[in-house]
Amino acid sequence: MSQWIGTANQSYASYAMEELRRLIEGAAFTQLAAGEVFLMNSPQSRETTLQAIHQQEPIFLRHVQPVDRTIEIAGNANDLEQLSDMVRHAVLTFVNRRTAVHIRRTSNTAYLYSAADTKAVLDAVLEEIGAEPVVQQPEIIIAIYAAVNELYIGFGTPSDMLSDWPGGAVRFQREEGQVSRAKFKLLEAEREFGLNYAKYQKALDVGAAPGGWTSLLLERGLRVTAVDPADLHPSLLEYPTLTYLKRNASDVKFDAGSFDLLVCDMSWSPMLMCKLVLDLEPALAKGATAIITVKLMHRKPLQTIRDVISRLETEFALQKAKQLFHNREEITLYLQKK
Ligand SMILES: C[S@@+](CC[C@H](N)C(=O)[O-])C[C@H]1O[C@@H](n2cnc3c(N)ncnc32)[C@H](O)[C@@H]1O
């Protein structure tokens, strides 16, 4: 038996639970924050459950934390006392280790303290017991979820939790003059899929306007061909490494093997997107990477995703499919041309 808190993007929790139900026979669920956060009781041990999750990572499960302790919320300073004692008692788990404290609160929790206040108190306890409180690159995370009446606490590595951000909510700094928020999706994909865009030479960006993705790839030193009937942001036109084709993607053609990276964020019908990508596929070199968003327009996202993947798999090998924190009504695919 083991217990977990799972988190998905707003209104996608039911799909994360459906995926988990298929992976872990007998798993039972309780909603903690509607459409977003849930408690999972697994009949399997912690290790077996984690193994199942890692072997076939659910697309809609953004974050998962084990529940090692549950504390009834008193609604006063006793709660902080109990959390502090719990960390002190687990001294061997944290001593000499880079330890991060992640706190999330549901909106109507009886727990009084902010995430920042709780973290300050627990960081002091960590120092007292010889651990190293950190924010970035922790070896171990103390994850606390404040539900309405309970604090659910779990210890684990970033890999155990599928993220090193609280609840998997990855944040990037907004830059001055940033072309579009869509840039964050491509940044998050790089992180999530363990990529380094600077390693590629020539990218094709299909559905590029206003140009957030194109701008990121240009900044990373790639030659970029951007295709979109809509206008690109004027600041991008100064790049000599940019080729801008102000056209529909169905009207462009390239020499075989021209690109080692394809990115596509068309916000379009998934099946039409598949057709366009497959038509452009000969322009990619063997082994080229593709990062593609898939719009989830229908009631049955899991079925849509299965259909899209099976079409694309004629020419591409799927590396990972994930709903990223910055994806709204969509998911992101990471593929490699066969
Ligand atoms: C969500 S926006 C892309 C945002 C972009 N990734 C960014 O970072 O700024 C979708 C774009 O796809 C373009 N698009 C839709 N269908 C297209 C097609 N058939 N060919 C080319 N572009 C298309 C739209 O004009 C729109 O600019």
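The values are calculated or read from the model by the stated rules, or taken from the named source; none is laboratory data. Note that the coordinates shown come from a computational prediction; the quantities given were computed from them, not determined experimentally. Glycine gets a Cβ as well: all are built from the backbone with ideal geometry, and neighbour counts include every protein chain shown. The accessibility values were calculated without ligands, DNA or RNA, using every heavy atom of the protein model including side chains. Shrake-Rupley method; radii C 1.70, N 1.55, O 1.52, S 1.80 Å.
Per the listing Val252, Val263, Val227, Val277, the residue uniquely open to solvent by less than 80 Å² (accessible area, probe 1.4 Å), within 13 Å of the ligand (Cβ to nearest atom) and farther than 22 Å from Asn327 by Cα is Val252.
Assess whether Phe316 counts as being in contact with a helix residue (DSSP H, G or I) (Cβ under 7 Å, 6 or more places away or on another chain), surrounded by 14 or more Cβ atoms within 10 Å (Cβ to Cβ), at pLDDT 95 or above and more than 19 Å from Glu18 (Cα to Cα). Answer is no for this residue.
Under the condition of being surrounded by 16 or more Cβ atoms within 10 Å (Cβ to Cβ) and assigned to a helix (DSSP H, G or I), the residues counted in the range 281-306 number 5.
Looking across the range 181-217, the residues that are hydroxyl-bearing (Ser, Thr, Tyr) and free of Cβ contacts under 8 Å to residues at least 40 places away in the same chain come down to Thr214, Ser215. For Gln173, the criteria (1) outside any strand (DSSP E or B); (2) open to solvent by 40 Å² or more (accessible area, probe 1.4 Å); (3) closer than 24 Å to Lys337 by Cα hold in every case but one, which is (3). Condition check: surrounded by fewer than 19 Cβ atoms within 10 Å (Cβ to Cβ), closer than 30 Å to Met161 by Cβ and either within 15 Å of the ligand (Cβ to nearest atom) or not aliphatic (A, V, I, L, M) (or both). Does Arg247 satisfy that? No: the conditions fail for Arg247.
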